[in-house]
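To start, the structure itself, in structure tokens.
The values are calculated or read from the model by the stated rules, or taken from the named source; none is laboratory data. Keep in mind it's a predicted model, so treat the numbers as computed, not measured. Positions of Cβ are generated from backbone atoms using ideal geometry, with glycine treated the same way; all protein chains shown enter the neighbour counts.
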Amino acid sequence: MAARPKTLAAGVSPVLVASGLAIRDGVFRWQYAAVCLLIAVLFQVASNFANDYFDYKKGIDTPDRVGPKRAVAEGWVSPRQMLVALYVVLAAAFVLGLMLMLVVDWRLLFVGVVVVVFALAYSGGKYPLAYNGLGDVCVLVFYGIVPVVFTYYIQAMAFTVDAFVCGAAVGFASINILVANNYRDYSSDKQANKRTTIVIFGKKFGEYFFLVNGFLAVAMCQYFWSRGLLYAAVLPLLYLILHIIVWSEMVKIGEGSWLIAILGKTARNTLIFSVLLFVGFLLDSL
């Protein structure tokens, strides 16, 4: 439960898309892609553990909270146990990263250190990013651009505009997982002074922000028209159907426990978007 399986799409999606691009470019290396996938999922789990721990310590998780039950707040595990689990998962991810560093490029060490620091700074420290309106930026960078660009780099040993565009596209889609979460928790976050972008700008902003992010994700894919990758540009358009349906449901519900389902549907849509882009690259490689 503490790992929040519904959110793991945010870890899987960037590796999937980067690997699709690598296949298209003829540089795919499944062994490296598999390790990148494990690292991405472990960092996602670590982020969820950190959020569970720090939200409890900061008094965010109260009985009035609408969202899914949290392990520490419910007493299923102690704060110390959660902290130990967090460090174990981070250590496992870091060890896998070191293996890649030794085989591929020692400079990946710096990337790993930065990712670990931001994974902890997201919810912890004296200025937690998620509590000060910067969570969305972190998702764009660390669940979009960074994992896509470096998963591709590890396989191709090259940085490309295509990989950056893919990273931005996945990042915009992944932001909505956070937006759905923060939209649901608006009242409890506001009461606890957790200043998410939705607390700062209001729920109406959150509704439009959610809608626009989906369109931005698809808009980024239209770049591939200019690269002659027509399937990669067209297939992600299908995602908009599901995106608009879920957005309409979210706006209609507005508040309450029914919003819990929106998070799962948004994570599903993010994964579907990534699968569509992945399939697009496969078809463009034929």
key: Lone unmet requirement of (1) at pLDDT below 90; (2) closer than 30 Å to residue 148 by Cβ for residue 81   = (2)
remark   = Among 108, 98, the single one that is under 30 Å from residue 26 (Cα atoms) and in contact with a Gly (Cβ under 7 Å, 6 or more places away or on another chain) is 108
inquiry  = Restricting to segment 252-264, give me the number of residues that are touching a residue at least 40 places away in the same chain (Cβ under 8 Å) and of a type in the set (D, E, K, R).
reply    = 1
key: In segment 114-173, the residues that are within 30 Å of residue 227 (Cβ to Cβ) and charged (D, E, K, R)   = 136, 162
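Residue by residue, here is whether (1) of a type in the set (Phe, Trp, Tyr); (2) closer than 16 Å to residue 203 by Cβ; (3) at pLDDT 95 or above holds:
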site: 247; (1), (2), (3): yes, yes, yes
site: 250; (1), (2), (3): no, yes, yes
site: 253; (1), (2), (3): no, yes, no
site: 256; (1), (2), (3): no, yes, no
site: 259; (1), (2), (3): no, yes, no
site: 264; (1), (2), (3): no, no, no
site: 275; (1), (2), (3): no, no, yes
site: 281; (1), (2), (3): yes, no, yes
site: 285; (1), (2), (3): no, no, no
Subset of segment 268-286 that is assigned to a helix (DSSP H, G or I) and small (Gly, Ala, Ser) - its residue that is surrounded by the most Cβ atoms within 10 Å (Cβ to Cβ) = 274
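Here's the yes/no breakdown for (1) buried (at least 24 other Cβ atoms within 10 Å of the Cβ); (2) among the aliphatic types (A, V, I, L, M):
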{"position": "118", "(1), (2)": "no, no"}
{"position": "121", "(1), (2)": "no, yes"}
{"position": "158", "(1), (2)": "no, yes"}
{"position": "172", "(1), (2)": "yes, no"}
query = Just wondering, is there one or more residues in segment 248-267 that are farther than 30 Å from residue 188 by Cα, within 21 Å of the chain's Cα centre (by Cα) and of a type in the set (Gly, Ala, Ser)?
reply = no
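Condition check ((1) assigned to a helix (DSSP H, G or I); (2) touching a helix residue (DSSP H, G or I) at 6+ places or on another chain (Cβ under 9 Å)) across all residues:
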residue	(1), (2)
110	yes, no
123	no, yes
126	no, no
145	yes, yes
152	yes, yes
158	no, yes
175	yes, yes
178	yes, yes
message = When you check residue 104 against the structure, is it of a type in the set (A, V, I, L, M, F, W, C), over 21 Å from residue 56 (Cα atoms), touching a residue at least 60 places away in the same chain (Cβ under 8 Å) and in contact with a Ser or Thr (Cβ under 9 Å, 6 or more places away or on another chain), yes or no?
response = no
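For the subset of segment 129-152 comprising residues that are of a type outside the set (A, V, I, L, M) and over 15 Å from residue 174 (Cα atoms), which member is surrounded by the fewest Cβ atoms within 10 Å (Cβ to Cβ)?
It comes out as 132.
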remark   = With the first residue restricted to segment 200-229 and required to be closer than 20 Å to residue 135 by Cβ, and the second required to be modelled with pLDDT of 95 or more and polar (S, T, N, Q), Cβ contacts under 6 Å at 6 or more apart or on different chains are 210/176; 213/176
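Quick grid of which residues meet (1) at pLDDT 95 or above; (2) surrounded by 14 or more Cβ atoms within 10 Å (Cβ to Cβ):
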residue: 184; (1), (2): no, yes
residue: 201; (1), (2): yes, no
residue: 207; (1), (2): yes, yes
residue: 211; (1), (2): yes, yes
residue: 217; (1), (2): yes, yes
residue: 222; (1), (2): yes, yes
residue: 233; (1), (2): yes, yes
